[in-house]
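The values are calculated or read from the model by the stated rules, or taken from the named source; none is laboratory data. Source: prediction; values computed, not measured. Here the Cβ is made from the backbone with ideal geometry for all residues, glycine too, and neighbour counts use every protein chain on show.
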Amino acid sequence: MIHLKNIHKSFGNAEVLTGVDMQIDEGQTMVILGKSGSGKSVLLKLILRLMSADAGTIIIDDEDTTTFTEEQMVPVRKKMGMLFQSAALFDSINVQENVAYMLREHTGMSNREIEDRVEEVLSFVQLSGVQEKMPSDLSGGMKKRVALARALAFKPRYLLYDEPTTGLDPLTAKTINELIRNTQEAHDVTSIVVTHDLISAFYVGDRFALIRDGVVSFSGTPDEFKASTDPFIVEYLACGREYN
Amino acid sequence: MRKIEVRHGGILEKGAIHTYELFRLTIDSVRYMFTRPSYFDTILEQMYQIGVRSLSIVLLTCFFTGMVLALQTGYQIARFGAKVYIGVVVALSMVRELGPVLTALVVAGRVGAGIAAELGSMQVTEQIDAMRAMATNPVKKLVTTRLIALLIMLPILTIIGDIVGIVGGMLISLYSLGLDFSFYKSTTIQALALQDIFTGLAKPVVFAFIIALVGCHLGLSTTGGTEGVGKSTTMSVVTSSILIFLFDFLLVKIFFLMFETG
């Protein structure tokens, strides 16, 4: 379980988060929605402690990680996988080594075992046979899938997705959505998905949280989100329908 | 990896923050030399990239510098009948000063810029964040490995540069200034004291710290996309070069105090 309590975060004079409270239960897929710059991606980075909160508490599996050092975060990060918006594949090594990264860093697995695991997760994201390719040789959708395979390779309990379908064509986006859903079902992970894409949100989400003016202005099920009479949510949904 | 947010401070405040972060990075990267994992393969790869691939440019620079040094001094001191001392001048200049400094400047231009550009690109494309998210310490993995590689390779490159510079000076002395080989060799060997070798090898160790840490620090603190990467790369070469000259001066002062005669 991940529990965020009264999280504040500013950048210079801009207060982005001004008291976010959120709880993500075991096995749940939480979708975080909000306008650009509302601090959705910042929340993911705060959970992983890639940046630190100005105030508030972050509890992961009953452990307060808010003030953890880099060394203390190692076991916490090993439980998590993150799919970055830009995929963030290491461009100096091939797909095989990208996906094998955590296995090589944190396990004593043999080369054979690592190769088998890499093949397994690449098959799961429907990308068998690309092990020798360099990230620069992959399309945007393939990069996201390799990044998902990399996140899955170490069998994480939590998966954090930062705008997984942004910049992809609708068919590739659909594939990614299906993979997110399949991942949750096949690997029983708890997921947080930050997205602008309402199709994706309704496809993968068990619960929605809307960040607005630095706080969670809505939290509930997708059906409750749809039924909301909050003018902002009504407009948000209407804009989504207009473009979809 | 602790970072201080640079807000709207003046140039002095930013300078102070960069200095503090560089100091912290130095402490951390040295501390991580003695912790696991050792990243031995990465260090070997960096030794090849940093050392072996810089060899040709170091050879060229030092060879021509040695030749020019012999030519310039040779014709000048010949007027005072002191042509026989060319070997001494070339050897002492190369080993004490030109070899270490020129090698460091060439490596700062080639390797320091490369480090800043590589790490800067990784920073702006979230690869550093990805590394941290995968429970890897980027300072240990990226900075310490490059620092170790430079600490090993820069002194080796400097020794090679010194030798090639002396050979360049010797060729000019033999074929252009008409000196005798055995005489040149004996004056060169006699001129070089143990302290010259020590000072000549102590410098590249300090310069290795400067090149690795300035390049890594500026790379890791890159912001502003590809434009930021360009700025970090340029800043890396400029800052490293200035610090190399500054620390060269300080080291010479210290060595003079230590050995009196320098």
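Results, tabulated for the structure shown:
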{"quantity": "Count - residues of the range A:26-53 that are over 18 Å from A:ASP206 (Cα atoms), of a type in the set (D, E, K, R) and either without any contact (Cβ under 8 Å) to a residue 12 or more places away in the chain or loosely packed, with under 15 Cβ neighbours inside 10 Å (or both)", "calculated": "2"}
{"quantity": "Test: residue in the range A:170-192 that is under 30 Å from A:ALA55 (Cα atoms), in a strand (DSSP E or B) and of a type outside the set (S, T, N, Q)", "calculated": "yes"}
{"quantity": "So B:ILE57, is it without any contact (Cβ under 8 Å) to a residue 60 or more places away in the chain, out of contact with any strand residue (DSSP E or B) (no Cβ under 8 Å at 6 or more places or on another chain) and within 18 Å of B:SER240 (Cβ to Cβ)", "calculated": "yes"}
{"quantity": "Unique match (being in the same structural domain as A:MET30 (by TED's automatic domain parsing) and closer than 25 Å to A:MET80 by Cβ) among A:THR229, A:THR165", "calculated": "A:THR165"}
{"quantity": "Output for the range A:61-85, where each listed residue is at the interface with chain B (Cβ under 9 Å from one of its Cβ atoms) and outside any loop (DSSP other than H, G, I, E, B)", "calculated": "A:GLU70, A:GLU71, A:MET73, A:VAL74, A:PRO75, A:VAL76, A:ARG77, A:LYS78, A:MET80, A:GLY81, A:MET82"}
{"quantity": "Residue in the range B:95-109 that is away from chain A (no Cβ under 14 Å), surrounded by 20 or more Cβ atoms within 10 Å (Cβ to Cβ) and under 20 Å from B:PHE23 (Cα atoms) present", "calculated": "yes"}
{"quantity": "Test for B:LYS231: is it in contact with a Pro (Cβ under 6 Å, 6 or more places away or on another chain) and charged (D, E, K, R)", "calculated": "no"}
{"quantity": "Residue list for the range B:2-45, restricted to those being modelled with pLDDT of 90 or more and not in a helix (DSSP H, G or I)", "calculated": "B:TYR39"}
{"quantity": "Residue check, A:ASP188 more than 14 Å from chain B (Cβ to nearest Cβ), within 16 Å of A:GLN28 (Cα to Cα), out of contact with any helix residue (DSSP H, G or I) (no Cβ under 7 Å at 6 or more places or on another chain) and touching a residue at least 12 places away in the same chain (Cβ under 8 Å)", "calculated": "yes"}
{"quantity": "Within the range B:211-228, tally of residues that are surrounded by fewer than 24 Cβ atoms within 10 Å (Cβ to Cβ) and either in a helix (DSSP H, G or I) or at positive phi (or both)", "calculated": "6"}
{"quantity": "Candidate set: the range A:206-227, residues that are in a loop (DSSP other than H, G, I, E, B) and touching a Ser or Thr at 6+ places or on another chain (Cβ under 9 Å); chosen: the one farthest from A:GLU185 (Cα to Cα)", "calculated": "A:ASP213"}
{"quantity": "Those residues of the range A:17-60 which are within 14 Å of chain B (Cβ to nearest Cβ) and over 18 Å from the mean Cα position of the chain (by Cα), in sequence order", "calculated": "A:ALA53, A:ASP54"}
{"quantity": "Sole exception among (1) within 13 Å of another protein chain (Cβ to nearest Cβ); (2) over 15 Å from B:MET134 (Cβ atoms); (3) within 21 Å of the chain's Cα centre (by Cα) for A:SER136, by number", "calculated": "(3)"}
{"quantity": "The range B:154-201, residues that are small (Gly, Ala, Ser), closer than 22 Å to B:GLN72 by Cα and in contact with a Phe, Trp or Tyr (Cβ under 9 Å, 6 or more places away or on another chain)", "calculated": "B:GLY161, B:GLY165, B:GLY168, B:GLY169, B:SER173, B:ALA191"}
{"quantity": "Residue check for B:LEU142: surrounded by 23 or more Cβ atoms within 10 Å (Cβ to Cβ), touching a residue at least 12 places away in the same chain (Cβ under 8 Å) and closer than 30 Å to A:PRO75 by Cα", "calculated": "yes"}
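Every residue, every condition in (1) surrounded by fewer than 23 Cβ atoms within 10 Å (Cβ to Cβ); (2) free of Cβ contacts under 8 Å to residues at least 60 places away in the same chain; (3) more than 11 Å from every other protein chain (Cβ to nearest Cβ), yes or no:
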{"site": "B:ALA116", "(1), (2), (3)": "no, no, yes"}
{"site": "B:GLU126", "(1), (2), (3)": "yes, yes, no"}
{"site": "B:PRO138", "(1), (2), (3)": "yes, no, no"}
{"site": "B:ILE152", "(1), (2), (3)": "yes, no, yes"}
{"site": "B:ILE163", "(1), (2), (3)": "yes, yes, yes"}
{"site": "B:GLY169", "(1), (2), (3)": "no, no, yes"}
{"site": "B:SER173", "(1), (2), (3)": "no, no, yes"}
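Here is a yes/no grid of residues against (1) aliphatic (A, V, I, L, M); (2) over 24 Å from A:GLY39 (Cα atoms):
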position	(1), (2)
A:PRO164	no, no
A:GLU178	no, yes
A:THR183	no, yes
A:ASP188	no, yes
A:ASP197	no, no
A:PHE202	no, no
A:VAL215	yes, no
A:ILE233	yes, no
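So that you can scan it fast, the table gives a plain yes or no per residue for (1) surrounded by 20 or more Cβ atoms within 10 Å (Cβ to Cβ); (2) within 11 Å of another protein chain (Cβ to nearest Cβ); (3) without any contact (Cβ under 8 Å) to a residue 24 or more places away in the chain:
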residue: A:ALA87; (1), (2), (3): yes, yes, no
residue: A:VAL95; (1), (2), (3): yes, no, no
residue: A:ARG104; (1), (2), (3): no, yes, yes
residue: A:ASN111; (1), (2), (3): no, no, yes
